[in-house]
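Asker: First the structure, then my questions, so here it is.
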Amino acid sequence: MMKTFAPLLHSYWYLFRGAGMTLLMAAASVVPATLLGGALALVHVFGRRTARSALQVYLFVVRGIPLLVLLTFVYYLLPLTGIDLPPFWGVVVVMSLYYAAFMSEVFRAGIESLPQAQWDAARSLGMQRHLLLRIIIFPQALRLAAPPFVSLCANLVKATSLVSIVGLWELTMASREVVERTLAPFQIFLGAALIYFCICYTMALYGRFLERRSLVGH
Amino acid sequence: MLAMTGVVKSFGTNQVLRGVSLSVAAGEAVVVIGPSGSGKTTLLRCINLLEDYEQGTVTVDGMPIGYRIDPRGGQRVRMSEREIAAAREMIGIVFQSYNLFPHMTVLQNIVAAPIRVKGVPRAKAEARARDLLALVGLSDKAQEYPVRLSGGQQQRVAIARALAMDPKLMLFDEVTSALDPELVGEVLAAMQQLARDGMTMVVVTHEMSFARDVADRIVFMEGGVIVEEGQPEQMFAAPKTERVRQFLKRYNDRYRI
Amino acid sequence: MPFDLHFIVRLIPALLQGAEITVALAVLTVVICLVWGLLVALAQSRGGVLSWIAGGYIQAVRNTPLLIQLYIIYFGFAMAGFPLSGFLSGLLALCIQNGGYVAEIYRGGLQSVSQRQYEAGRALGMRRWTLYTVVIMPQVVARVIPPMTNQAISIIKDTSQVAAIAVMEMMKVAEVWVESSANTYDVFLGVALIYLVLTSVAGLIGKVAERQLAFAQ
């Protein structure tokens with residue numbers, strides 16, 4: 001048993017470093033994606049018709065094209081445009097723009113699922129839009145949106161594996177390198193899968209915890 | 001205190017209010033009764049502009065709310081969001097589904113608007129909130145979240161929350177319809193106390209005994225118009241309109257086969 | 001319009017050939033997963049060891065990237081002496097991962113049917129098979145169509161990852177063309193367009209299915 005997994009035991013530290021890069025990439029993408037997603041959700045719910053139509057087009061395109069396609073083409077296009085951006089940040093930009101779309105839908109669902117009655121009650125007490133959104137609507141909407149949001153973050157972590165196809169280094173690329181060296185694909189990729197599992201399953205458990213908690217107050 | 005003139009409201013092609021005029025004097029308790037779909041709830045919601053309406057005006061204490069008549073041209077102008085919000089502070093409303101803010105404690109529910117909208121200092125707002133909780137008999141629930149309270153308790157908190165803004169007029173929209181029968185009494189008792197203390201109120205309800213006991217005046221609505229109004233003893237004993245007589249007869253005879 | 005028409009005329013047939021593979025992979029995956037996912041969901045609802053295994057399987061495939069699963073299958077089998085074609089490896093990986101997601105969709109659908117439906121059926125004297133086929137599953141099917149449509153769209157997009165093991169589906173074809181022609185922009189437009197068409201068609205099919213099968217929901 002130990003002999004078959006020897007290659008993994010020799011290289012796990014390299015894989016951990018890959019995982020570190022994976023997490024770095026994911027973290028760097030999550031922040032802009034969340035901010036942009038929140039802004040887009042506000043546009044979707046409160047914006048004017050032209051802004052909303054533009055947003056619909058953006059959402060349609062982003063949700064209909066594979067992330068890999070976008071990553072690949074940005075990777076090839078970027079040098080041609082003359083923008084001097086390190087590939088890491090190019091990837092971060094693409095993934096942020098991609099996941100912002102999904103996050104905006106999650107936030108929008110959170111806002112829209114609040115009963116009209118909450119708006120009525122707050123307005124009846126004399127609250128105006130900004131106050132009402134800030135202390136009544138957004139706190140509740142965020143609580144509702146938190147579990148699917150965590151799920152999206154886990155998807156983002158898994159999606160970082162795609163950058164290995166365009167040649168960027170993270171956990172999947174690291175495991176490919178080790179496999180080429182050790183010719184033990186089964187063990188090494190299984191080890192990488194285990195690392196991804198630990199990260200994503202933890203997030204899934206946190207998401208379930210949030211889901212149970214959000215039901216208590218409602 | 002409250003004057004509604006010629007209010008017309010349609011939902012699409014359905015005209016729910018066909019020119020309703022109602023006035024309520026200061027300190028008066030008016031109860032609105034009538035069959036479902038008569039427009040009672042819509043009427044209430046038009047008062048503090050939770051619903052827009054196509055024609056008519058509403059004034060509270062002489063001040064228009066929602067729409068005002070432009071003195072220069074005479075046309076009906078919708079007031080700004082800020083003006084409407086300010087006018088809403090004068091009116092308190094309690095809903096059928098209580099509508100408490102579930103992410104705040106009872107105390108926070110009551111003080112949120114006074115602190116943030118009127119700028120009342122926190123200490124003063126909390127003291128007043130505790131007085132109101134005592135008034136509705138829930139002093140020990142200040143730190144609880146709404147989900148832990150019964151329907152009747154939540155509704156009483158909703159009353160306290162509305163009162164915390166010191167409204168001149170209180171509106172009650174079928175506030176006991178969603179409650180278990182045993183919890184209805186405590187809410188009606190709170191409302192009765194308010195009426196005795198001189199609050200101007202408009203109450204939409206199905207509770208006929210409450211109407212008879214508490215109302216200074218009863219208004220019967222059907223099909224978007226006020227059919228009859230009068231003193232409770234007179235209306236219950238000898239209604240002037242046939243339709244009202246039928247409605248009350250069904251109530252009086254409700255257990256006869 | 002800033003694109004090269006002659007180039008695109010030569011490009012499209014090549015892309016469409018890749019699209020054939022894409023569609024083949026996607027359709028096969030959807031069909032297989034509809035059955036496989038149902039089996040997993042039923043296994044999970046039975047309880048006992050089977051439920052534990054099914055649950056573990058679902059968590060394992062949901063929390064690992066498709067690409068890793070793809071590599072495990074493709075390189076693993078090759079190293080073990082039974083090399084699988086890229087297409088087959090891709091199909092296997094897609095089915096294994098999406099089987100987990102589809103099982104979760106079925107589970108949500110089964111749970112959303114109220115306990116009272118079971119009681120009503122039993123009270124009328126129905127036995128298990130009739131109960132499930134006549135009362136429960138039709139309601140499950142109706143509730144399950146929207147998330148299944150989303151999953152199908154997701155599957156179409158995931159087929160692009162099979163390019164990593166050199167299967168000539170659309171993404172790989174596009175990559176080859178980009179490298180040989182240096183005309184990144186037009187290739188991207190073509191690929192994006194065809195993917196949008198494919199996912200839109202899938203969405204439309206889903207909406208039609210919803211209308212036809214979702215009676216009185």
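Asker: Could you run through the range A:18-39 and say how many residues are touching a residue at least 24 places away in the same chain (Cβ under 8 Å), closer than 16 Å to A:K158 by Cα and of a type outside the set (A, V, I, L, M, F, W, C)?
Answerer: Qualifying residue count for the region: 3.
Asker: Between A:A204, A:A154, A:A101, which is crowded, with 21+ Cβ neighbours inside 10 Å and within 14 Å of chain C (Cβ to nearest Cβ)?
Answerer: A:A154
Asker: Residues being of a type in the set (S, T, N, Q), facing another protein chain (nearest Cβ under 8 Å) and without any contact (Cβ under 8 Å) to a residue 24 or more places away in the chain: count how many of those fall in the range A:59-86.
Answerer: Looking only at that region, the number is 0.
Asker: Further question on the same structure: Restricting the range C:164-179 to residues that are surrounded by fewer than 23 Cβ atoms within 10 Å (Cβ to Cβ) and more than 16 Å from A:L77 (Cβ to Cβ), which is modelled with the lowest pLDDT?
Answerer: In this case the residue turns out to be C:A166.
Asker: Checking the condition under 21 Å from A:Q56 (Cβ atoms), within 11 Å of chain A (Cβ to nearest Cβ) and not basic (K, R), which residue from C:L204, C:L196 passes?
Answerer: So the residue among C:L204, C:L196 that is under 21 Å from A:Q56 (Cβ atoms), within 11 Å of chain A (Cβ to nearest Cβ) and not basic (K, R) is C:L196.
Asker: Is it the case that C:I58 is touching an Asp or Glu at 6+ places or on another chain (Cβ under 8 Å) and under 26 Å from A:L23 (Cβ atoms)?
Answerer: yes
Asker: Among the residues of the range B:216-228, is there at least one that is in contact with a strand residue (DSSP E or B) (Cβ under 7 Å, 6 or more places away or on another chain), closer than 15 Å to B:L171 by Cα and surrounded by 22 or more Cβ atoms within 10 Å (Cβ to Cβ)?
Answerer: yes
Asker: Please list, ordered by first then second residue, the pairs with beta carbon atoms under 7 Å, 6 or more apart or interchain, first in the range B:144-169 and without any contact (Cβ under 8 Å) to a residue 60 or more places away in the chain, second surrounded by fewer than 21 Cβ atoms within 10 Å (Cβ to Cβ) and polar (S, T, N, Q).
Answerer: Listed pairs, sorted by first residue: B:E144/B:T105; B:Y145/B:T105.
Asker: Might you let me know whether the range B:230-251 holds any residue that is within 30 Å of B:G62 (Cα to Cα), without any contact (Cβ under 8 Å) to a residue 40 or more places away in the chain and in a strand (DSSP E or B)?
Answerer: The answer is yes, given that some residue of the range B:230-251 is within 30 Å of B:G62 (Cα to Cα), without any contact (Cβ under 8 Å) to a residue 40 or more places away in the chain and in a strand (DSSP E or B).
Asker: Looking at the range C:27-46, is at least one residue touching a Ser or Thr at 6+ places or on another chain (Cβ under 9 Å), under 26 Å from A:A159 (Cα atoms) and crowded, with 21+ Cβ neighbours inside 10 Å?
Answerer: Checking the range C:27-46: at least one residue is touching a Ser or Thr at 6+ places or on another chain (Cβ under 9 Å), under 26 Å from A:A159 (Cα atoms) and crowded, with 21+ Cβ neighbours inside 10 Å.
Asker: Six or more apart or on different chains, Cβ atoms under 8 Å: show the pairs whose first residue is in the range C:32-43 and without any contact (Cβ under 8 Å) to a residue 24 or more places away in the chain and whose second is aliphatic (A, V, I, L, M).
Answerer: Qualifying pairs under 8 Å: C:A43/C:L50; C:A43/C:I53; C:A43/C:A54.
Asker: Still on this model: Please enumerate the residues belonging to the range B:145-186 that are part of a loop (DSSP other than H, G, I, E, B), touching a helix residue (DSSP H, G or I) at 6+ places or on another chain (Cβ under 8 Å) and either small (G, A, S) or within 12 Å of chain A (Cβ to nearest Cβ) (or both).
Answerer: Selection gives B:Y145, B:S150, B:A164, B:M165, B:A178.
Asker: Another question, if that's okay. Kindly indicate the residue of the range B:64-97 that is part of a strand (DSSP E or B) and away from chain A (no Cβ under 14 Å) and also surrounded by the most Cβ atoms within 10 Å (Cβ to Cβ) among those meeting that condition.
Answerer: Checking each candidate, the answer is B:Y67.
Asker: Looking for whichever is in contact (Cβ under 8 Å) with a residue 12 or more places away in the chain, buried (at least 21 other Cβ atoms within 10 Å of the Cβ) and either touching a helix residue (DSSP H, G or I) at 6+ places or on another chain (Cβ under 7 Å) or under 30 Å from A:L183 (Cα atoms) (or both) here; the options are C:G18, C:G86. Which one fits?
Answerer: On inspection, the qualifying residue turns out to be C:G18.
Asker: Considering the range B:98-121 alone, what residues qualify as being farther than 20 Å from B:K168 by Cβ, touching a helix residue (DSSP H, G or I) at 6+ places or on another chain (Cβ under 6 Å) and either part of a loop (DSSP other than H, G, I, E, B) or charged (D, E, K, R) (or both)?
Answerer: Scanning the range B:98-121 gives B:Y98, B:N99, B:L100, B:F101, B:P102, B:H103, B:R116.
Asker: Any chance you could count how many residues in the range B:206-220 are over 10 Å from B:V30 (Cβ atoms) and at pLDDT 90 or above?
Answerer: 1
Asker: Kindly check whether there is at least one residue in the range B:52-63 that is outside any loop (DSSP other than H, G, I, E, B), out of contact with any strand residue (DSSP E or B) (no Cβ under 6 Å at 6 or more places or on another chain) and at pLDDT 90 or above.
Answerer: Taking every residue of the range B:52-63 in turn, none turns out to be outside any loop (DSSP other than H, G, I, E, B), out of contact with any strand residue (DSSP E or B) (no Cβ under 6 Å at 6 or more places or on another chain) and at pLDDT 90 or above.
Asker: What pairs can you find where one residue is in the range B:48-67 and within 20 Å of B:A26 (Cα to Cα), the other is in a loop (DSSP other than H, G, I, E, B) and of a type in the set (V, I, T), and their Cβ atoms are less than 8 Å apart, with a gap of 6+ or different chains?
Answerer: Close Cβ pairs satisfying both conditions: B:N48/B:I65; B:V58/B:I65; B:T59/B:I65.
Asker: When you look at B:A211, is it away from chain A (no Cβ under 14 Å) and either in a helix (DSSP H, G or I) or buried (at least 21 other Cβ atoms within 10 Å of the Cβ) (or both), yes or no?
Answerer: For B:A211, the condition - away from chain A (no Cβ under 14 Å) and either in a helix (DSSP H, G or I) or buried (at least 21 other Cβ atoms within 10 Å of the Cβ) (or both) - is met.
Asker: Being facing chain A (nearest Cβ under 9 Å) and modelled with pLDDT of 85 or more is the filter here; which residues of the range C:180-193 pass it?
Answerer: Across the range C:180-193, the qualifying residues are C:V187, C:F188, C:V191, C:A192.
Asker: Is it the case that the range C:150-167 has a residue that's within 14 Å of chain A (Cβ to nearest Cβ), over 26 Å from C:R62 (Cα atoms) and not hydrophobic (A, V, I, L, M, F, W, C)?
Answerer: No.
Asker: Just need a number here: residues in the range A:171-186 that are under 18 Å from A:S161 (Cα atoms) and more than 8 Å from every other protein chain (Cβ to nearest Cβ).
Answerer: Of the residues in that region, 6 qualify.
Asker: When you go through (1) touching a Pro at 6+ places or on another chain (Cβ under 8 Å); (2) without any contact (Cβ under 8 Å) to a residue 40 or more places away in the chain; (3) within 11 Å of chain C (Cβ to nearest Cβ) one by one for A:A159, which number turns out not to apply?
Answerer: (2)
Asker: Starting from residues that are within 24 Å of B:S80 (Cα to Cα) and surrounded by fewer than 16 Cβ atoms within 10 Å (Cβ to Cβ), keep the ones in the range A:107-143 and report whichever is nearest to the other protein chains (Cβ to nearest Cβ).
Answerer: A:A117
The values are calculated or read from the model by the stated rules, or taken from the named source; none is laboratory data. Just so it is clear, the structure is predicted and the values come from calculations on it, not from any experiment. Note that we place each Cβ from the backbone using ideal geometry, even for glycine, and neighbour counts take in every protein chain shown.
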